[in-house]
Structure formats: structure tokens, C-alpha cells
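The values are calculated or read from the model by the stated rules, or taken from the named source; none is laboratory data. From a predicted model like this one, the values you see are computed outputs, not experimental measurements. Here the Cβ positions follow ideal geometry from the backbone for every residue, glycine too, while neighbour counts run over all protein chains shown. Heavy atoms of the whole protein, side chains included, go into the accessibility calculation; ligands, DNA and RNA do not. Shrake-Rupley method; radii C 1.70, N 1.55, O 1.52, S 1.80 Å.
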Amino acid sequence: MNSIVARSSSKNADFVGMAMAAIGVLSGFLIPVIWWDANISIVLMVLLVAFAAGAGTFMFAKGRLPILLFFVVFFGVLLWFRNIQSIQGGTGGLGLTWFTCVIAGTIIGANFRPDKKKKAKKLASGALLVTGNDGRKLFEEEAPSATSLEGRVRSLDGKKRTLVSAMRGGARMDFCGGAEGAMVVYFCPDTSDDRLWSMMTTPGSEHGQTEVAIGDLKGSFENWETTTVERAIAAARHFASTGQADPTLTWYASKDVCERRPLAS
């Protein structure tokens with residue numbers, strides 16, 4: 001199997017995130033009030049502003065500049081709180097409140113982004129959804145089709161554009177690498193079950209390995225684990241119309257595929 005270490009998905013990611021956010025808010029309020037005898041009204045005000053700042057930035061901001069500016073303000077306010085001398089005046093621990101509640105806000109904001117809800121509704125409808133990378137930028141097509149998916153697969157160059165993912169309902173197919181060289185194609189009929197992942201293979205390939213770029217990673221694959229752009233496009237067409245893997249192609253199914261697959265489900 002390939003030598004890339006997988007970034008396996010966690011089915012409890014949202015639950016864990018919400019729990020962490022709740023702990024952050026509670027600790028940001030209780031510790032200053034109980035430990036430093038901070039003024040409750042001041043703590044609540046800082047808590048609300050910090051939570052709103054974190055949630056708002058990660059819920060609506062697009063691109064990197066707004067997030068960069070957010071962190072500049074985030075750490076700037078922390079330094080300002082650190083320089084407050086009047087701890088006996090009821091301001092003790094406000095830096096902790098700001099820190100924990102901003103982090104809690106970012107968790108909530110990231111989980112309730114409008115575009116994330118839109119994507120979830122589209123997946124639930126069973127419509128085709130196509131995403132991928134174009135350099136360091138991520139894209140998501142508004143109204144993908146079999147033709148546009150084929151175009152995206154053909155555009156993979158193995159350098160800046162190395163990944164296209166197609167989804168229909170709970171099914172997903174990933175096209176990785178470059179159209180001019182070896183490609184790796186993953187498929188799962190239901191991403192809620194990691195045991196169902198498979199990858200396209202090329203039986204009868206010569207012994208040896210080849211490198212394939214996947215997102216920001218590059219891994220070494222056995223030749224039989226890779227395929228060509230023509231076969232990848234055939235798989236893309238079939239998936240776009242049916243949401244299934246093309247049965248005329250060869251697929252290797254094993255729990256090892258998910259464990260070593262370097263993409264989140």
C-alpha cells in the first residue's frame with residue numbers, strides 16, 4: 001500500500017467541538033469570577049464580545065486576510081488585558097475570558113457556516129457536488145455536471161491542482177495527482193462507514209512505485225494502486241450519473257484504504 005499517513009476523519013468531531021466550546025465559555029466565566037473575584041458584569045461583557053468576534057469571523061469571513069486581521073486583534077487585546085494593573089478593581093482574568101471565549105466562538109462559527117449548511121443540504125438532496133484545490137485556494141462548483149467534472153479531472157496538473165472530489169448524497173469519489181502522469185482514485189458509497197472505501201487499481205502493472213501528489217501531500221504508491229486519466233474520467237462520468245463506482249473498472253476494497261487515505265471524509 002502507499003506510504004502516505006492518513007488524516008482519518010472523526011465521526012464525533014462536531015460533538016467534541018461543541019463540548020470544547022462549552023468548556024471554554026464556562027471556564028472563561030467561572031475562573032475569573034471565582035479565582036480572581038472579577039466583576040461579573042465585566043466578565044460577561046468580555047465573554048459576549050469575545051464569543052461574537054470568534055464566531056462571526058469564522059462563520060462569515062472568506063479568504064485569509066480577514067482571519068489574519070482577526071488574529072492580530074485577538075492577540076492585541078490579550079496584550080492589552082495583560083497590561084491592566086487594576087486586578088483588585090475587578091478586571092482580573094479578563095485575558096483568560098477573552099482567550100477561551102474567542103476560541104469557543106471560532107469552534108461554533110466554523111460548525112455553523114452558511115456555506116457548510118448549504119453544502120449539507122445539497123448532499124442530502126443527492127445532487128452532484130464537486131470541490132477541489134486550485135493551488136492553495138479551494139473551490140466548489142455551483143452547478144457541476146458530468147462534463148464539468150471531466151474538465152476538472154483533466155485540469156489536474158500534479159503541482160498546483162492535485163485534487164478533485166465529487167459527492168452525491170453519502171457517496172464520494174476523489175481524483176488525485178496529475179492528468180499527465182499517474183493518478184489515484186478513491187471511492188466510497190457511504191462515507192459514514194470508513195470500511196467501505198476502495199481505490200481504483202491497474203492489474204498487471206509493472207512492479208515499482210510512483211509518486212502522486214494529493215493536496216499538499218506527496219506519497220509513494222505501488223504502480224498497481226495508480227491509474228491513468230482516461231480510466232479516471234470513465235469513473236468520473238459513471239459517478240456523476242449514478243453516484244456509484246464503474247463496475248467495468250477494477251477496485252480494491254479494504255479497511256487499509258481508509259486508514260492510509262490522506263483525506264478527511
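When Rg is the radius of gyration of the Cα atoms in the range 147-220 and Rh is its Kirkwood radius, what does Rg/Rh come to? Don't jump to the answer; show the numbers that get you there.
On the way: Rg = 12.9 Å, Rh = 13.1 Å.
Rg divided by Rh gives 0.98.
Which value, in Å² rounded to 10, gives the accessible area of D246 with a 1.4 Å probe and all protein chains present?
20
Relative contact order for the range 123-233: what percent, with Cα pairs under 8 Å and sequence separation of 6 or more? Walk me through the numbers on the way to the answer.
On the way: 253 pairs, mean separation 25.0, N = 111.
It rounds to 23 percent for the range 123-233.
Give the aspartates and glutamates whose C-alpha is closer than 19 Å to that of K255, dropping any in the same chain fewer than 8 places away, or say none.
List returned: D174, D190, D193, D194, E222, E225.
Report the local net charge at D157: Lys and Arg +1, Asp and Glu -1, summed over other residues whose C-beta lies under 12 Å from its C-beta.
On the way: positive: R152, R154, K159, K160, R161; negative: D134, E180.
So the environment of D157 carries a net charge of +3.
Give me the percent of accessible area attributable to carbon and sulfur for the range 100-259, probe 1.4 angstrom.
On the way: 3970 of 7700 Å².
The C+S portion of the solvent-accessible surface of the range 100-259 is 52 percent.
Obtain the nm distance between the two label points defined at F60 and E180 by a simple spin-label model: each point lies 7 Å from its Cα along the Cα-to-C-beta direction.
So the two model labels end up 4.4 nm from each other.
Among A245, P203, L263, which residue has its Cα furthest toward the positive end of the charge dipole of the range 171-265, with +1 on Lys/Arg Cβ and -1 on Asp/Glu Cβ?
A245
Can you figure out the FRET efficiency of E222 with K160, using R₀ = 25 Å and their beta-carbon distance, to the nearest 0.05?
Working: r = 26 Å, r/R0 = 1.02.
After rounding to 0.05, the efficiency reads 0.45.
How far apart, in nm, are two points set 7 Å out from the Cα along the Cα-to-Cβ line at R113 and at F71?
1.6
Give me the distance in nm between label points sitting 7 Å out from Cα along the Cα-to-Cβ direction at A143 and I34, one decimal.
About 5.7 nm separates the two model spin labels.
Per residue, how much accessible surface does the range 158-245 expose to a 1.4 Å probe? Answer in Å², no decimals.
Details: 3750 Å² over 88 residues.
Roughly 43 Å² per residue, with all protein chains present.
When the Kirkwood radius is taken over all Cα pairs of the range 129-255, what Stokes-Einstein diffusion coefficient follows at 20 °C and 1.002 mPa s, in µm²/s? Please list the in-between numbers first.
Working: Rh = 14.4 Å.
D, rounded to a whole number, is 149 µm²/s.
Taking 0.36 nm per intervening residue step and subtracting the Cα-Cα distance, what contour gain separates S241 from D256 on full extension? Write down the numbers at each step before the final one.
Details: separation 15, 0.36 × 15 = 5.40 nm, distance 2.77 nm.
Net length gain for the segment: 2.6 nm.
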